[in-house]
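J.: Below you will find the structure I want to go over with you.
Nothing in this text is a laboratory measurement; each read-out follows from the coordinates by a stated rule. On a predicted model such as this, the values are computed, not experimentally measured, just so you know. Glycine also receives a Cβ, built like all others from the backbone with ideal geometry; neighbour counts cover every protein chain displayed.
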């Protein structure tokens with residue numbers, strides 16, 4: 001006799017309940033009750049005390065009325081629903097996201113195809129162009145030589161390649177979205193909850209449907225995971241940056257008859273650039289953080305080593321690769337910040 | 001004013017708030033600013049503004065902060081749209097303009113100088129000065145040539161490659177003026193253009209503006225809260241209070257015949273000797289056997305005459321304009337004109353201007 005039997009009886013739903021059959025496979029609770037040797041009659045003999053009233057959850061109601069679905073069936077239902085829309089969704093998403101796989105693979109191959117003695121000076125040159133700081137160039141080159149020396153060079157380059165592609169895509173998608181947000185309050189109101197969700201949702205939660213949607217061996221799986229996580233700051237700061245542009249300057253642009261496009265590219269975006277660059281910096285940092293988690297779904301790079309350290313309890317491997325990631329983070333941060341401060345100096349209002 | 005006005009504002013109202021059109025009848029039927037705000041939550045910006053601005057003259061719109069003067073000037077190039085009324089520029093109603101025509105008006109007919117300079121911080125001084133040309137789609141070379149020409153004219157020949165933040169406030173505003181002049185527009189709007197500058201620089205800039213105006217003959221609409229500045233620059237002075245015009249006319253005339261206690265208050269602190277001119281206090285020329293102590297120009301300030309006379313109030317001067325005798329100035333009249341007229345004390349000299 002279950003606690004809520006009386007409820008269904010008084011509502012006159014008994015026939016509906018009993019007509020539904022046995023209510024599916026036995027649950028663990030039922031199994032335990034059975035193994036304890038008590039029969040249903042014995043259980044019915046001593047009614048549940050009021051203080052132990054069970055919460056009227058799906059499972060508790062199912063005890064009294066088999067027609068009510070159990071929680072287990074409910075999650076099964078969600079799963080089936082997802083699997084049902086998976087295939088049509090895939091037809092749409094696969095072609096759209098395929099270029100991401102190509103970009104990630106292509107970039108990985110390119111970065112690894114360039115010999116180390118070419119790539120390291122090239123990176124140094126890039127840092128010089130961005131920051132004009134000899135110290136920073138030395139730091140970057142030194143870091144890569146060190147990583148090479150401890151045989152982590154290939155992993156580091158793989159990580160760098162993934163970040164490179166994901167950051168480019170984040171900027172390519174995020175800046176236009178940010179611009180659209182800055183121009184329309186409605187767009188801003190609609191987008192901010194999505195951004196909040198992307199930032200708060202634990203990564204693993206959206207990894208699960210992604211794994212079902214795409215195969216684990218496809219690079220776009222981790223590409224999407226990284227981009228979803230890392231795109232938020234560049235969108236937010238583009239929006240903020242454009243909204244913060246001095247109203248007087250905008251008014252002057254209007255007063256001289258600039259068209260919307262002239263205003264956007266000639267005034268708003270250049271003046272928002274420091275904020276946009278700060279967003280890019282944050283995006284890079286967040287993709288780096290995500291690269292480690294993405295190694296769970298076959299992203300190559302230093303994350304794989306960290307994962308190996310966790311999985312096999314190889315403390316040394318984990319610590320050294322972790323240090324490699326920190327090193328990458330520091331140098332990416334320094335380089336983007338140096339580039340940012342150069343922009344800031346040239347347009348201090 | 002006998003000339004056809006180049007800008008003509010007719011029955012202009014501006015109400016800020018959620019539903020300005022529904023609040024408009026209240027205002028036209030005479031509801032005051034504070035009442036409108038308290039009972040209906042709307043802010044009265046401008047009330048029944050009618051101004052005719054003559055070409056090639058400086059029209060100064062003066063008022064304290066909150067009087068609606070900056071709102072008013074923004075109606076001329078429609079940075080703000082009115083609730084009711086007309087703004088007619090060279091015979092065309094600006095309010096009927098579509099987006100593209102309005103942009104052309106702003107690019108070609110009106111340029112603007114701002115209180116806070118509003119230069120593009122990421123562009124060099126030269127690029128800023130040539131802005132209007134570049135906006136219009138003219139080539140780089142023309143833009144730079146025109147920009148450089150006007151920068152040289154306002155005295156910034158050597159600063160072309162600098163960025164605005166490297167210049168002082170006065171120099172930045174010179175760039176702002178060069179930027180406006182480089183567009184070659186017949187109308188220039190100046191929104192408190194000199195208010196952010198310190199007094200000495202401000203005087204410099206006023207002199208620069210008058211000097212340029214002598215040569216260029218633009219129609220200038222100048223906004224200020226400073227009466228000295230207004231009197232120095234104005235050909236036509238409009239005084240605003242709480243969004244409505246209190247008095248408008250020739251500045252000398254307003255100074256000698258304030259129509260309202262508000263304006264009397266305003267003009268009472270002015271150094272009248274420096275502002276008033278001989279033509280405003282002289283009497284018509286007539287031969288009466290006076291012994292003239294000398295001849296003065298009708299546009300001389302009273303201050304300069306006091307200096308000439310050495311403070312002797314018994315003299316009498318002949319007033320000449322372009323070599324013609326136009327009037328007689330008794331020093332006694334001059335001295336009396338220096339005292340602001342008060343209610344009940346209205347025996348000042350009859351204004352002639």
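J.: What FRET efficiency comes out for residue B:168 versus residue A:128 if R0 is 56 angstrom and r is the Cβ-Cβ distance? Round to the nearest 0.05.
T.: 0.95
J.: Then there is this: Going 7 Å from the Cα of residue B:268 along its beta-carbon direction, which residues of the stretch B:308-340 have the amide nitrogen within less than 12 Å of the resulting point?
T.: Once the point is set 7 Å along Cα→Cβ of residue B:268, B:340 turn out to lie under 12 Å by backbone N, inside the stretch B:308-340.
J.: Starting from the Cα of residue B:100, step 7 Å along the direction of its Cβ; do the same at residue A:243; then give the gap between the two resulting points in nm.
T.: It is 3.4 nm.
J.: Full extension from residue A:31 to residue A:48: what is 0.36 nm times the residue separation minus their Cα-Cα distance, to one decimal in nm?
T.: 4.2 nm
J.: What FRET efficiency would be calculated for the residue pair residue A:208, residue A:60, taking the C-beta separation as r and a Förster radius of 22 Å, to the nearest 0.05?
T.: With a Förster radius of 22 Å, E is 0.20.
J.: To test your reading of the geometry: what angle, between 0 and 90 degrees and rounded to tens, separates the Cα axis of helix A:219-243 from the longest principal axis of chain A?
T.: Between the helix axis and the principal axis of chain A, the angle is about 60 degrees.
J.: So for A:128, A:265, fewest C-beta neighbours within 10 Å to most, what's the order? Don't jump to the answer; show the numbers that get you there.
T.: Values: A:128 15, A:265 10.
Placing the least packed residue first, the sequence is A:265, A:128.
J.: Related question: Under 1.5 on a/c is rounded, so check that first for the stretch B:160-245, then, if it is not, pick prolate when a/b is larger than b/c and oblate when it is not; a ≥ b ≥ c are the square roots of the alpha carbon gyration tensor eigenvalues. Could the numbers behind the result be given before it?
T.: Values: a/c = 1.85, a/b = 1.41, b/c = 1.32.
The shape class here is prolate.
J.: While we're on this one: Quick check on the protein assembly as shown: of the DSSP beta bridges with both residues there, what percent are antiparallel, nearest 5%?
T.: Details: 28 of 50 bridges.
Bridges in the protein assembly as shown are about 55 percent antiparallel.
J.: So, one more: Would you work out the relative contact order for the stretch B:272-337, in percent, from Cα pairs under 8 angstrom that are 6 or more residues apart?
T.: On the way: 113 pairs, mean separation 25.5, N = 66.
Contact order relative to length: 39 percent.
J.: Oh, and also: For each of A:32, A:145, count neighbouring Cβ atoms within 10 Å of the residue's Cβ, then give the residues from fewest to most. If you can, show how the numbers build up before the last one.
T.: Values: A:32 9, A:145 12.
Taking fewest neighbouring Cβ atoms as first place, the list is A:32, A:145.
J.: By its C-alpha gyration tensor, with a ≥ b ≥ c as the square roots of the eigenvalues, how is chain B shaped: rounded for a/c under 1.5, else prolate for a/b larger than b/c, else oblate?
T.: It is oblate, given that a/c is not under 1.5 and a/b is not larger than b/c.
J.: Evaluate the distance, in nm, between pseudo-label points positioned 7 Å from the Cα of residue A:91 and of residue B:225 along their respective Cα→Cβ axes.
T.: 6.8
J.: With an 8 Å cut-off on Cα pairs and a minimum separation of 6 or more residues, tell me the relative contact order of chain A in percent.
T.: After rounding, I find 17 percent.
J.: Mind giving me the FRET efficiency for residue A:259 and residue A:172? R0 is 22 Å, r the Cβ-Cβ distance, nearest 0.05 is fine.
T.: Details: r = 24 Å, r/R0 = 1.09.
Plugging the Cβ-Cβ distance into 1/(1 + (r/R0)^6) gives 0.35.
J.: Note the full-extension length gain between residue B:19 and residue B:321 as 0.36 nm times their separation in residues minus their Cα-Cα distance, in nm to one decimal.
T.: Fully extending the segment from residue B:19 to residue B:321 adds 103.2 nm.
J.: Mean residue ellipticity at 222 nm from the helices of chain B, using -39,500 (n - 2.57) per DSSP H segment of n ≥ 4 over the full residue count, to the nearest 500 deg cm²/dmol?
T.: -10000 deg cm²/dmol, from helical runs alone.
J.: Moving to a separate point now. Only bridges whose two residues both fall in the stretch B:272-337 count here: according to DSSP, what percent of them are antiparallel, nearest 5?
T.: Antiparallel: roughly 70 percent of the beta bridges in the stretch B:272-337.
J.: Another question, then. Specify whether the C-alpha gyration tensor of the stretch A:85-346 places it in the rounded, prolate or oblate class, a ≥ b ≥ c being the square roots of the eigenvalues: rounded for a/c under 1.5, otherwise prolate if a/b is larger than b/c and oblate if not.
T.: It is oblate, given that a/c is not under 1.5 and a/b is not larger than b/c.
J.: I've got another one for you. Viscosity 1.002 mPa s, temperature 20 °C: give me the Stokes-Einstein translational D for the protein assembly as shown in µm²/s, with Rh taken as the Kirkwood radius over C-alpha pairs. The partial results should precede the final answer.
T.: On the way: Rh = 32.9 Å.
Stokes-Einstein gives a translational diffusion coefficient of 65 µm²/s.
J.: Rounded to whole Å, give me the distance from the Cα center of the stretch A:206-222 to that of the stretch B:184-240.
T.: A separation of 67 Å, based on Cα centres.
J.: I've got another one for you. Any chance you could check the Cα centroid distance between the stretch B:317-335 and the stretch B:75-93 for me, in angstrom?
T.: 43
J.: Then there's this: Over all pairs of distinct alpha carbons, what does the Kirkwood formula give as the hydrodynamic radius of the stretch B:272-337, in Å?
T.: After inverting the pairwise mean of 1/r, the radius is 11.4 Å.
J.: A follow-up question, please. Roughly how many whole Å is it from the C-alpha centroid of the stretch A:118-186 to that of the stretch B:1-64?
T.: So the separation of the two Cα centres works out to 57 Å.
J.: Additional query: For chain B, find the longest principal axis of its Cα atoms and tell me its angle to the long axis of helix B:199-216, 0 to 90°, nearest 10.
T.: So the inclination is approximately 90 degrees.
J.: Per the helix-only calculation at 222 nm, which mean residue ellipticity applies to chain A, given -39500 (n - 2.57) for every DSSP H run of n ≥ 4 and division by its residues, nearest 500 deg cm²/dmol?
T.: Using -39500 (n - 2.57) per qualifying helix, the result is -25500 deg cm²/dmol.
J.: To continue, here is another question. Between residue B:90 and residue A:98, what is the label-point separation in nm under the 7 Å Cα-to-beta-carbon projection?
T.: Between residue A:98 and residue B:90, the simple spin-label model gives 5.8 nm.
J.: Let me ask something additional. How far is helix B:140-153 tilted, in degrees, relative to the longest principal axis of the Cα atoms in chain B, given as a value from 0 to 90 rounded to the nearest 10?
T.: 20
J.: May I ask you to compute the full-extension gain from residue A:110 to residue A:16, defined as 0.36 nm times their residue separation minus their alpha-carbon distance, rounded to one decimal in nm?
T.: My answer for the length gained is 27.3 nm.
J.: Can you sort A:239, A:5, A:254 so the residue with the fewest Cβ neighbours within 10 Å comes first?
T.: Taking fewest neighbouring Cβ atoms as first place, the list is A:5, A:254, A:239.
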